[in-house]
Structure formats: C-alpha cells, structure tokens
Amino acid sequence: MNTSATVISISEPVPENVLQALESVCDPEIPVLTIRDLGILRGVRMKNGEVVVTITPTYSGCPAMVDIRDSIETALEDAGVEQFSIETSLSPAWTTDWMSEEGRKKLNEYGIAPPSQNNQVACPQCGSDDTRLISEFASTACKSLHQCNSCKEPFDYFKCH
Amino acid sequence: MKTVKNTDKTRFALALGDDALVMGQRLSEWVSNGPFLEEDLALTNVALDYIGRSRMFLTYAGELEGEGRGEDDLAFYRDCREFTNLLIFELPIGDFGNTMARQYLIDEFEVAYFEALCKSSDETIAAIAAKTLKECRYHLRRSREWILRLGDGTEESHQRIQAAFDEIWPYVQELFEMPEYETGLLEDGVAVDRASLKPDWDAEVGNTLREATLNVPETTHVIRGGRDGVHTEHMGFLLADMQFMQRAYPGLEW
C-alpha cells in the first residue's frame, strides 16, 4: 500500500513553501489529521506558473469539503502564493486505502479506531479486539459507533471505504 | 452508433439528480425525529449522501445544459412539473417502517444500478456512479438488517413493516422503466438497461422478505409518471418546504 496517495508533480517543481502550506491544512472534523494524511489531497502541480491543487471528497455529501477548500485558500494566501486554483476530482473514488500510516497512528492516538481491512476493530483506548458495533453511523458519515467489551468505552471507528 | 443528443444527456443527469435530491430532502425530515439517537444520526448521514449525490448530478446537468444554471438554480427554482424524479422517492416518510421499507427496496435497486452505471461511456456519469455505489452498498447493509429485525420482530413491527411494503409496492415498477430519451442513451452506452436488473432484484428482495417472515406483495397495480413530471399530491408540499427560503429571499446564502 502506498503510504501517501498525493501525487506531487516533478516535471515542473512545486515550490517548497507551497508544499509546506498544504501540509498544514487539517480536516475540520478530525483536526489531528492533515488532508494529506486522509488522502483528500490528490495532487499538486504547476501549470503556467500557477499552483493547481487537486482534492477529492471522502463521501459525496461531506460538508467539510467547503471548509477544506477555504483552509487551502487561506494557507496558500498566508504563504504568499498568489496564483493558484483548486480542482475537485471524483475519479478514482476516494478510499481509506489512501490514508497514510502516519494518519492511522494519529487517528488511533486521538481515540478513533483507524480503518481495518479485515474489519477487526480494536479499541483505541485499551487495544482489545473484543469490541461490538453499536451503530453503522456515528457523528460523521465516515465513522461508525462501537463499544469495547473489555474496558466498556464507546468509541468511533473510521470505516473502511 | 448515433451521436448522443446533449439534451437527452441533460435530462438523464437531471432525473438522477432529482431522484437523489428528493430522497435526501425526505430523509432529512427525520433530523431530530429519529426513534433513538444512533438511528437519528444514521438517517441524517444517509440523507447527506443523497444530497451530495444530487449536487454532483445537478451540477453536471447544468453544465450539459450550458445555460448557466447551477445546482442551486435547478434545485430551488424549478416547479413541480419540471422535476422528473421517480414517484417512489417523493412518498412521505411515514413511520420508521415506511422509511426503511422504501430505503431497502431502493438500496437493492441502486447497488445493482450504479454498479452497471460505473461502466457508462460518459466519464463524469461513471465517476459519480462509482462514488455513489460505495455509499449505496453501505446503506444496503443497514436497511437489510432493519427489514429482518422489523419483519421477524414483534407482532406489531411485523404487521407494520408488511403494511409498509404493501403500500409502496405499486411505486416499485417505475424503477425499472425508461423514458424514450433514456433508451436512446442506452444505445450509446451512457445509460443502463433498467429492466434487465429486475430478475436479480426480485430474487434478492424475495430472499430478504422471506427471511424476515414477510410476504412479497402480489399487487400488479402500477403508479407511474415521475419522469414525465406527473407527481403525487405530496410533491408540491415537499417543494414548498424545500424551496421556501430561496423563493422568498432569492439568492440567499448561509
């Protein structure tokens, strides 16, 4: 699995300050993750001197997309980037496979169980595999609600998608 | 191969957008009214998926039309007869059983439909379908569980979910019918042959209903008209609710 799904163009190098600025953009719902950790940031390239940022929505109705666009604009403007555009790409459809290893670790430390291919959901508090599903949906579309049978803590699980 | 008429493709994208918009609006009526908190969140999240889908289809329909209409213009400034959603999507939410019976029947249909539409020769439609499909699969997981639980639950839940299926059945057939423009798009590989999905749908739904100790309704009565803009009496009320703010304060933004 690729640990970073973001394609950064090398043919026409992207300035370091642009990359650093984008690296600072976090998801509004899960502020410990950057949009790059989440695989929402799909690419950065230069086109005739302009920075072109490509992002993809997690879920079709994800309300965070508007915030994410705004945050990218602010981050680039703060970094002194004047010419840029933000494109949204739908295909290929976003998948949790694009979440970086680093992102998975941070998610777990934050108290949200990271997506698991075999659907073995481990409790982010005590690490036990003995957990149960409470609801298919939780506070956002990308999560479901679980409870640990060992330490009894309820917790969110970032669904495999 | 004949060339695809742009207007046909516009109508096609618009109809798929209307289906999703109206369903999202209906489901959002459950916000803060769900039977319990977790289910309230689930209904709302599913509503959000539909609204997201409608935004993608309506935006694309607006681009194809090329008259400068965006998703909001299409959602808020068209009248009843201009909406071409299928009738099943506009039916009132009823009780939780009515809502879940509709959801389940639609989920079974949509998983198969969007699976096929992923192969559309139109790249944008195929991309929206691929995004939608992942969400529909998840919706089906939940709605199917509810049908089993309600059907094979108490006497009360069994009787009410059976009544819900009986009531909705005349509206099901329309999912498998195509207007002329859609048949035209079929030849170009843009659309999907809806009728061809019926045998598998019948089998899947039959299995679930049997497992839930429910009967597959036997009525042959069909109510149709959505794609022609001929709606049930419920549609005007839905639009009044959905469009009021934009009609009263045109261009209003959050």
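Some observations on this one:
- Per-residue Karplus couplings for the range A:56-72, computed as 6.51 cos²θ - 1.76 cosθ + 1.60 with θ equal to phi - 60°, are listed in order as 9, x, 6, 10, 3, x, 4, x, 6, 4, 5, 4, 5, 4, 4, 5, 5 Hz, Gly and Pro entered as x.
- Gaussian network model of chain B, springs between alpha carbon atoms under 10 Å - residue of B:68, B:206, B:151 with greatest fluctuation: B:68
- Global geometry of the range A:45-84, whether rounded, prolate or oblate, following the gyration tensor of its Cα atoms and the 1.5 cut on a/c: oblate
- Projecting the Cα atoms of B:208, B:75, B:98 onto the dipole axis of chain B, where Lys and Arg carry +1 and Asp and Glu carry -1 at the beta carbon, places B:75 farthest toward the positive end.
- Residue mean of other protein chain beta carbons inside 10 Å, A:58-69: 4
- This model, with +1 at the C-beta of Lys and Arg and -1 at the C-beta of Asp and Glu, gives the protein assembly as shown a dipole about its Cα centre of some 500 debye.
- Normalised contact order of the range A:27-136, rounded percent, pairs of Cα under 8 Å and 6 or more residues apart: 27
- Charged neighbours of residue A:34, selected by a Cβ distance under 10 Å, balance to -2 (K, R count +1; D, E count -1).
- Remark: for residue pairs A:159/B:134; A:159/B:198; A:105/A:159; A:106/B:131; A:106/A:143; A:47/B:9, the C-alpha separation exceeds 20 Å in A:159/B:198; A:106/B:131; A:47/B:9.
- For chain B, built as a Gaussian network whose Cα springs stay under 10 Å, the top-fluctuating residue of B:46, B:22, B:222: B:222
- Residues with amide H under 5 Å from that of residue A:137, placed H, sequence gap 5 or more: A:145
- Per-peptide packing, taken as the mean over residues of other Cβ atoms within 10 Å, places A:35-41, B:94-100 in the sequence A:35-41, B:94-100 from highest down.
- Normalised by residue number, the volume inside the convex hull of the Cα atoms of chain B is 124 Å³ per residue.
- Rounded to whole numbers, the Karplus 3J(HN,Hα) couplings from phi for the range A:115-129 are x, 10, 4, 8, 6, 7, 9, 9, 5, x, 7, 10, x, 5, 8 Hz, using 6.51 cos²θ - 1.76 cosθ + 1.60 with θ = phi - 60°, and x at Gly and Pro.
- Average beta carbon contacts from partner chains per residue of B:51-59, 10 Å cutoff: 3
- Residue of B:115, B:174, B:204 that the Gaussian network model of chain B assigns the largest fluctuation, springs spanning Cα pairs under 10 Å: B:204
- Expected 222 nm ellipticity per residue - DSSP helices of 4 or more, -39500 (n - 2.57), all of chain A, to 500: -6500 deg cm²/dmol
- Approximate shape of the protein assembly as shown as ellipsoid semi-axes (Cα gyration tensor, √5λ), whole Å, largest first: 36, 29, 19
- Exercise: per-residue mean of other protein chain Cβ atoms within 10 Å, A:135-145: 6
- Residue-averaged [θ]222 nm for chain B, counting only DSSP H segments that reach four residues, each worth -39500 (n - 2.57): -21500 deg cm²/dmol
- Shape of chain A, Cα gyration tensor, a/c cut at 1.5: prolate
- Near the amide H of residue A:159, within less than 5 Å, lie the amide hydrogens of A:143, A:144, all on another chain or at least 5 residues away, with H placed in the peptide plane.
- Residue A:43 long-range amide H proximity, modeled H, under 5 Å: A:7, A:54
Computed from the coordinates by the stated procedures, all read-outs in this text should not be read as laboratory data. This structure is a prediction, so every number in the text was calculated from the model and none was measured. Cβ: placed from backbone, ideal geometry, glycine included. Neighbour counts: every protein chain shown.
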